[in-house]
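What follows is a set of notes on a single structure, which appears directly below.
The values are calculated or read from the model by the stated rules, or taken from the named source; none is laboratory data. Keep in mind the model is a prediction, meaning the values are calculated, not measured. Cβ atoms come from the backbone with ideal geometry, glycine included; neighbour counts cover every protein chain shown. Accessible surface areas use protein heavy atoms only, side chains included; no ligands, DNA or RNA. Shrake-Rupley method; radii C 1.70, N 1.55, O 1.52, S 1.80 Å.
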Amino acid sequence: MKRVYVNEQWCLGCRLCEYYCAFAGIGGADMARTLKGVKINPRICVEENNGISFAVSCRHCEEPLCVKSCITGALTVNSDGGVIVVDKSRCVGCYTCILSCPYGAVSPSDDGVIQKCELCVKTVSGVPACVQGCPNNAIVFEERCVAL
Amino acid sequence: MKYVIIGNSAAGVGCIEGIRQVDREGEITVISNEPYHTYSRPLISYLLYGKTDEQKMKYRPDDFYEKNNVNFIYGNVTKIDSTAKTVEYETSILVYDKLLVATGSRAFVPPFAGLDGVAERYTFMSLNDAKALEQAISQDKRVLIVGAGLIGLKCAEGIAARVKSVTVADLADRILPSILDEQGAGIVQRHIESKGIKFKLSANITRFEGNTAILDGGDAIDFDILVLAVGVRPNTALLGGIADIDKGIIVNEKSETSAENIYAAGDCTQTIDASSGKSKIMALLPNAYMQGEIAGLNMAGFTSTLKPRFIPMNAIGFFGLHIITAGGCQLTIDNGQLTINKSDNYRRFFVDNGVLRGYILIGNVEKAGIYTSLIREQIPLVHIDFELLKEKPGLMAFSREDRAKKLTI
């Protein structure tokens, strides 16, 4: 399946991916107007230190520890393509997925449960909003054949 | 192939999903002593708290058995015959080729004197337990919970707003002794106390006189409802004389017991803790599911080179304060390293021989899984920037090559 991959050497640390991600979650006509003054809580996060930066979001693992560990069954592998999705109505916010994810790619949501990248590919261009918004190809959406 | 699974919780479900990855045709029968669709046991406190309901508690969708072609039997297994390869229950006998024992654990009820004289007494392990307790509680009832562990405290949180008072008593000198150190326990205790729950620690209950618990030293606690959450014991009896049992049923990395064609998974088992190398019971839902899945894969003939690595680990919260721990979190490890930020933001790491053996996070628990992976995989800390990682969990602490492996393939 196609996944989001990171080209660390191209990341500018501009955090536009975080803003596009947050905007994709909130929706609206204009990103700048929607997010102005808003403390965003994106599902992709840029790590930055000593001039190095890169974005991290869910790897959609083939052996997903978050799904296997989920105590409610709220996290599942989508049957039509391997995307790991969360049913927020069933999540109780126990954070066992946060305990389990080796990438740190699951985070608390603003509504008391959890959130993670669910590959928002139903965009106009068919690629996730973070990839679409990256100005430097530092995150790409590709099929790579090595199994995770 | 005839598969029989005793138990309908996380390990049983994992087994079904493991089998069906390999074998779509084999006949799967699940037998459970609870008359319910598979439900998430840890959610019973959330049910009383009002954060979930019986429908949402279902661990898998309504069509789970149908979709996986599973035959469900509500019954109480009384005997396994490993020679005849049969399982006996009230009315009938099931024949198996491969058997999974996923019988879970039961509440341990100490032989307190006078316990029989307590009219309203409950345990807190199952949906039926939660329903019974829910029937009993009301705004004018004082509840005494014996046991300040995970079950007792989740019960306290679940019912706190629905009763007159909750007192939690424990023989130990701190709460959550199985997962927290003294300092962390103090932080969590103060938070829970701020929500109106009272604690009586180092409390040795010698007997009950009606609805009064008498403590060693003469103190007494009056109550209307008693909840016993002292501990749990694995349900191993069915394999007595058939397979090797220590405290739990001993299983290997394929979830095999010592008896041919019999597998076991979940709370009834004990296996190797990858953080300490010791064989122990790790009665936790994620481990139960993964052990069950591995059992299912192997029962269906799949040979995997992947070796599962189980560790003790817990994610739990009380009244909005989150706690995540993994590995050995008791003060049995030398060279423990301590980092404390704010009073409600506690972090402690246990390092031994250059590897992370355990950690405790209270408050801010973000990206905890990165720490968990260090314990699970026993990654030498010389390969990472552990000082950075302790302050700020992230993949930044790994080398560029390791990071590339994580993010680009």
Filter segment B:340-374 for residues that are farther than 22 Å from A:PRO108 by Cβ and among the β-branched types (Val, Ile, Thr); which is surrounded by the fewest Cβ atoms within 10 Å (Cβ to Cβ)? B:VAL355
Of everything in segment B:130-179 that's among the β-branched types (Val, Ile, Thr), in contact with a strand residue (DSSP E or B) (Cβ under 6 Å, 6 or more places away or on another chain) and not in a strand (DSSP E or B), which residue is modelled with the highest pLDDT? B:VAL163
Which of (1) outside the structural domain of A:MET31 (by TED's automatic domain parsing); (2) more than 25 Å from B:GLU54 (Cα to Cα); (3) at pLDDT 95 or above is the odd one out, the single condition A:CYS134 does not satisfy? (1)
How many of the residues making up segment B:371-402 are under 16 Å from A:PHE54 (Cα atoms), at the interface with chain A (Cβ under 7 Å from one of its Cβ atoms) and in contact with a Phe, Trp or Tyr (Cβ under 9 Å, 6 or more places away or on another chain)? 3
So, A:TYR20, is that one touching a Cys at 6+ places or on another chain (Cβ under 8 Å), of a type outside the set (Gly, Ala, Ser), touching a residue at least 40 places away in the same chain (Cβ under 8 Å) and open to solvent by 60 Å² or more (accessible area, probe 1.4 Å) or not? yes
Based on this model, can you work out whether A:GLY126 counts as among the small types (Gly, Ala, Ser) and either at pLDDT 95 or above or outside the structural domain of A:CYS21 (by TED's automatic domain parsing) (or both)? no
Could you please let me know if A:LYS36 is of a type outside the set (Val, Ile, Thr), over 17 Å from the mean Cα position of the chain (by Cα) and away from every other protein chain (no Cβ under 13 Å)? yes
Residues (within 18 Å of B:VAL230 (Cβ to Cβ) and either open to solvent by 20 Å² or more (accessible area, probe 1.4 Å) or among the β-branched types (Val, Ile, Thr) (or both)) located in segment B:174-188: B:ARG174, B:ILE175, B:PRO177, B:SER178, B:ILE179
Scanning for something in a strand (DSSP E or B) and open to solvent by less than 40 Å² (accessible area, probe 1.4 Å), does segment B:20-29 turn up at least one residue? yes
Considering only segment A:129-143, I want to know if a residue exists there that is within 13 Å of chain B (Cβ to nearest Cβ), on the phi < 0 side of the Ramachandran plot, in a loop (DSSP other than H, G, I, E, B) and open to solvent by 30 Å² or more (accessible area, probe 1.4 Å). no
Return yes or no: is B:TYR3 within 12 Å of chain A (Cβ to nearest Cβ), on the phi < 0 side of the Ramachandran plot, open to solvent by less than 20 Å² (accessible area, probe 1.4 Å) and aromatic (Phe, Trp, Tyr)? no
Among what's in segment B:92-115 and is assigned to a loop (DSSP other than H, G, I, E, B) and more than 28 Å from B:ALA300 (Cα to Cα), pick the residue that is least open to solvent (accessible area, probe 1.4 Å). B:PRO110
Here is a list: B:PRO61, B:PRO42. Which entry is within 20 Å of A:ASP87 (Cβ to Cβ), touching a helix residue (DSSP H, G or I) at 6+ places or on another chain (Cβ under 7 Å), modelled with pLDDT of 95 or more and not in a strand (DSSP E or B)? B:PRO42
In segment A:99-128, which residues are facing chain B (nearest Cβ under 10 Å) and of a type outside the set (A, V, I, L, M, F, W, C)? A:SER100, A:PRO102, A:TYR103, A:GLY104, A:SER107, A:PRO108, A:GLY112
Out of the residues in segment B:320-329 that are open to solvent by less than 20 Å² (accessible area, probe 1.4 Å) and at the interface with another protein chain (Cβ under 7 Å from one of its Cβ atoms), which is farthest from B:GLN270 (Cα to Cα)? B:ILE324
Please name all residue pairs, on different chains or six or more residues apart, with Cβ atoms under 9 Å, provided the first residue is in segment B:34-63 and is more than 8 Å from chain A (Cβ to nearest Cβ) and the second residue is open to solvent by 70 Å² or more (accessible area, probe 1.4 Å) and among the aliphatic types (A, V, I, L, M). B:TYR49/B:ALA161; B:GLY50/B:ALA161
Taking the condition of being touching a strand residue (DSSP E or B) at 6+ places or on another chain (Cβ under 9 Å), buried (at least 19 other Cβ atoms within 10 Å of the Cβ) and either at the interface with chain A (Cβ under 10 Å from one of its Cβ atoms) or of a type in the set (S, T, N, Q) (or both), how many residues in segment B:271-287 meet it? 5
If A:ARG43 meets every condition in (1) more than 15 Å from B:ARG60 (Cα to Cα); (2) among the basic types (Lys, Arg); (3) facing another protein chain (nearest Cβ under 8 Å) apart from one, which number is that one? (3)
Within segment B:312-319, does at least one residue satisfy the condition of being at the interface with chain A (Cβ under 10 Å from one of its Cβ atoms), open to solvent by 10 Å² or more (accessible area, probe 1.4 Å), under 28 Å from A:ASP111 (Cβ atoms) and among the polar types (S, T, N, Q)? yes
Pull out all pairs, ordered by first then second residue, where Cβ-Cβ is under 6 Å, the residues are six or more apart or on different chains, the first lies in segment A:28-53 and is in the same structural domain as A:ASN7 (by TED's automatic domain parsing), and the second is basic (Lys, Arg). A:ARG43/A:LYS116; A:VAL46/A:ARG15
If I ask for residues that are of a type in the set (Val, Ile, Thr) and open to solvent by 30 Å² or more (accessible area, probe 1.4 Å), which ones from segment B:30-83 would you list? B:THR78, B:THR83
Looking for something touching a Cys at 6+ places or on another chain (Cβ under 7 Å) and facing another protein chain (nearest Cβ under 9 Å) - is there at least one such residue anywhere in segment A:75-91? no
